[in-house]
1. Mind pulling the per residue volume of the convex hull built on the Cα atoms of segment A:63-165? Å³ is fine.
2. Using the reciprocal of the averaged 1/r over all distinct C-alpha pairs, how large is the Kirkwood radius of chain A in Å?
3. Order of A:157, A:152 from fewest to most other C-beta atoms within 10 Å?
4. Using a 7 Å offset from the Cα along the Cα-to-Cβ direction at both residue B:100 and residue B:112, what is the distance between the two label points in nm, to one decimal?
5. On a 0 to 90° scale, report how tilted helix B:50-66 is relative to the longest principal axis of chain B, with both axes built from alpha carbons and the result rounded to the nearest 10.
6. Can you tell me the Rg and the Dmax, both Å, for the Cα atoms in the protein assembly as shown?
7. Could you tell me which residue out of B:72, B:5, B:27 lies farthest along the dipole of chain B toward its positive end? Charges go on the beta carbon: Lys and Arg +1, Asp and Glu -1, centred on the Cα centre.
8. What translational D, rounded to a whole number of µm²/s, comes out for segment A:6-45 from Stokes-Einstein when the hydrodynamic radius is the Kirkwood one over Cα pairs, at 37 °C and 0.692 mPa s?
Amino acid sequence: MRRGSLRQELPLLVWLVIVWGALWQDFSPDNLLFGALLAVAVARLFYLPPVELSGRFNVLKAVPFAVVFLGRVVAASCQVFYLAVAQGPKVTNAVVAVPLRSHSDLMVTATGHVISLIPGSLVVEVDRSTSTLYIHGLNVRNGEDVLKLRKEVRDTEAGLIRIMGTKEELAALNQEVGA
Amino acid sequence: MNPEPNTVDAVIDAVSAVFMVVGALMSLAAAIGLLRFPDLMSRMHAATKPQVLGLFLLLASVGLQLRTWWVWPVLLVAWIFQLLTVPVSAHMVGRAGYRTKHLHKELLSKDELEAVVQKAAKAARESEADDGGNRTAR
């Protein structure tokens with residue numbers, strides 16, 4: 001197996017050091033240095049296949065995305081609460097196939113995660129060869145709701161591509177939006 | 001002009017009180033959903049999702065009440081781990097539930113996965129039959 005370069009491993013190491021500091025509630029330099037040594041040791045001993053990052057990360061796009069995400073979580077949580085009380089056993093659902101633009105594992109995973117975290121939608125199955133997500137949506141009554149759910153997923157993916165997609169994915173997205 | 005320390009305290013107390021009540025309401029939503037929704041999949045929605053917001057609000061109120069910034073990274077890490085694990089567990093249970101047919105088909109307005117699953121199952125059966133045929137031929 002090919003070892004990831006230090007640059008590829010760096011986000012993982014930084015994350016491990018942050019977790020170490022957070023758990024000790026101590027961000028003093030000596031504690032962080034010891035955490036960094038442990039992080040390198042852990043990354044060497046328990047080696048995992050490297051996550052293929054695109055090398056881009058747009059913070060300016062990430063912050064509004066996070067705010068919108070939180071807003072949607074709040075809105076959807078209230079909606080699920082309302083559905084549980086008002087409709088209960090009579091709720092109508094659907095399983096919707098949503099083909100994604102990107103074929104990278106990272107993008108498909110991230111999109112599935114964000115969609116699953118927003119109440120009312122749940123990833124039932126993933127087809128990796130065609131990068132299609134099969135999503136179980138709560139309160140999807142007709143074709144119009146199906147289209148709405150599909151558009152929501154595609155928009156989420158577009159937002160994630162703008163944050164951390166590869167340059168090729170971004171160019172394809174911009175072309176699609178412009179056309 | 002600096003506000004009085006007491007008013008700051010009162011505001012922080014009020015905000016964390018609101019967060020705690022709303023966070024607890026989210027757990028109540030999960031309980032009501034578990035009782036009232038008809039099948040496994042819709043119960044999954046109720047059981048896993050309100051915790052994302054409910055836990056966020058409760059952790060935020062803990063952070064507000066403890067008044068030390070050292071505690072915020074721990075709470076953030078706790079929430080991030082929740083965000084990372086909730087969709088995975090929901091997906092695994094939902095997937096297993098779909099495959100073992102623990103859902104009410106009549107409550108689905110559309111099912112675009114069924115045809116795909118049946119096609120795959122048919123292909124698997126056919127390849128199995130082919131293998132069997134080869135074995136007897138030999």
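No value in this document is a laboratory result; all are computed from the given coordinates. None of the values given here were measured: they were computed from a predicted structure. Positions of Cβ are backbone-derived with ideal geometry, glycine not excepted, and every protein chain shown enters the neighbour counts.
1. Values: hull volume 8.9 nm³, N = 103.
Value for segment A:63-165: 86 Å³ per residue.
2. On the way: mean 1/r = 0.0530 Å⁻¹.
Hydrodynamic radius (Kirkwood, Cα pairs) of chain A is 18.9 Å.
3. So the ranking, lowest neighbour count to highest, is A:152, A:157.
4. My value for the distance between the label points is 2.8 nm.
5. Around 30 degrees separate the two axes.
6. 23.0, 94
7. Ranked along the dipole, the leading option is B:27.
8. In µm²/s, the coefficient is 329.
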